[in-house]
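Presented below is the structure to which this report refers.
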Amino acid sequence: MTREKTEILFSEESIRERVVELARQISSDYRDCGELLLVGVLRGCYIFLADLSRRLSIPGGIDFVALSAYDRGTTATGPVRLVMDLRTEIAGKHVLIVEDIVDTGRTLDYLLSILRPRKPASMRTCAFLRKPSRLSTDLKVEYVGFDIPDVWVVGYGLDYKGRYRSLSDIGIIRAEGDPGPAGGARPAVR
């Protein structure tokens, strides 16, 4: 059995500082819009969404969706599908979709395509992490915590095979003996 190891990419302190900066920017951008509905994409967003929502200085609400692009295992090869829909009506509301990570952009693109016809007053996106080199769609993400290279990351809500979500740092995970992105395959594709 191959063991995994992690190395820190972003410390808890740098994460906290970036969340505060994002909350400040979002609060400023939406200060005259009334309420903002945060739509979290489960499961990975939950820690980021909680931290971000507590730091916003504007009124708002929270709802969740769950999507899946995973067939069996950890590789995102299947079609994107809606697993759990919103409970909140979004027509006429300002909506901010909150994602943990945007890799290829397929999942977020799909979500936008099913939410736009519901006629929100506005809809923007916020991702804590983004992999620009992997984007396969012309997707605009208005608020980005950090751009990262093509590596598998865990912690702060992100997992590998259901583990590591509760880590307070974000780390790169590699199989024991894997020298890094140039030296082998990633555990999975998101």
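Using C-alpha pairs under 8 Å with a sequence gap of at least 6, the mean separation divided by the residue count of the range 1-148 gives a relative contact order of 20 percent. Taking all protein chains together and a 1.4 Å probe, the residues Arg163, Arg134 rank Arg163, Arg134 from largest to smallest accessible area. Taking Rh as the Kirkwood radius computed over C-alpha pairs, what is the Stokes-Einstein D of the range 1-42 at 37 °C in a medium of viscosity 0.692 mPa s, expressed in µm² per second? Translational diffusion coefficient: 243 µm²/s.
Derived from the Cα gyration tensor, the three semi-axes of the equivalent ellipsoid of the range 105-153 are 23, 12, 8 Å, largest first. Counting heavy atoms of the protein chains alone, Tyr156 has an accessible area of about 20 Å² for a 1.4 Å probe.
Solvent-accessible surface (1.4 Å probe) assigned to Phe64 amounts to roughly 60 Å². To the nearest 0.05, what FRET efficiency results for Ala50 and Lys161 with a Förster distance of 22 Å applied to their C-beta separation? The calculated FRET efficiency here is 0.45.
The accessible-area ordering, largest first, of the residues Ile58, Ile173 stands as Ile58, Ile173, per a 1.4 angstrom probe. Between Arg31 and Asp150, the C-beta separation translates, for a Förster distance of 30 Å, into a calculated FRET efficiency of about 0.25.
How many percent of the accessible area of the range 1-57 is carbon or sulfur, using a 1.4 Å probe? Exposed carbon and sulfur together represent 43 percent of the surface. The residues Lys93, Lys161, Lys131, sorted by heavy-atom accessible surface at 1.4 Å with ligands and nucleic acids left out, run Lys161, Lys93, Lys131 from largest to smallest. Leaving ligands, DNA and RNA out of it, report the carbon-plus-sulfur percent of the accessible area of the range 86-177 at a 1.4 Å probe. Of all accessible area on the range 86-177, carbon and sulfur atoms account for 46 percent.
The values are calculated or read from the model by the stated rules, or taken from the named source; none is laboratory data. The model shown is predicted, which means the values in this text are computed figures rather than measured ones. All Cβ positions, glycine included, derive from the backbone under ideal geometry; neighbour counts span all protein chains shown. Keep in mind that these areas ignore ligands, DNA and RNA; they rest on the heavy atoms of the full protein, side chains included. Shrake-Rupley method; radii C 1.70, N 1.55, O 1.52, S 1.80 Å.
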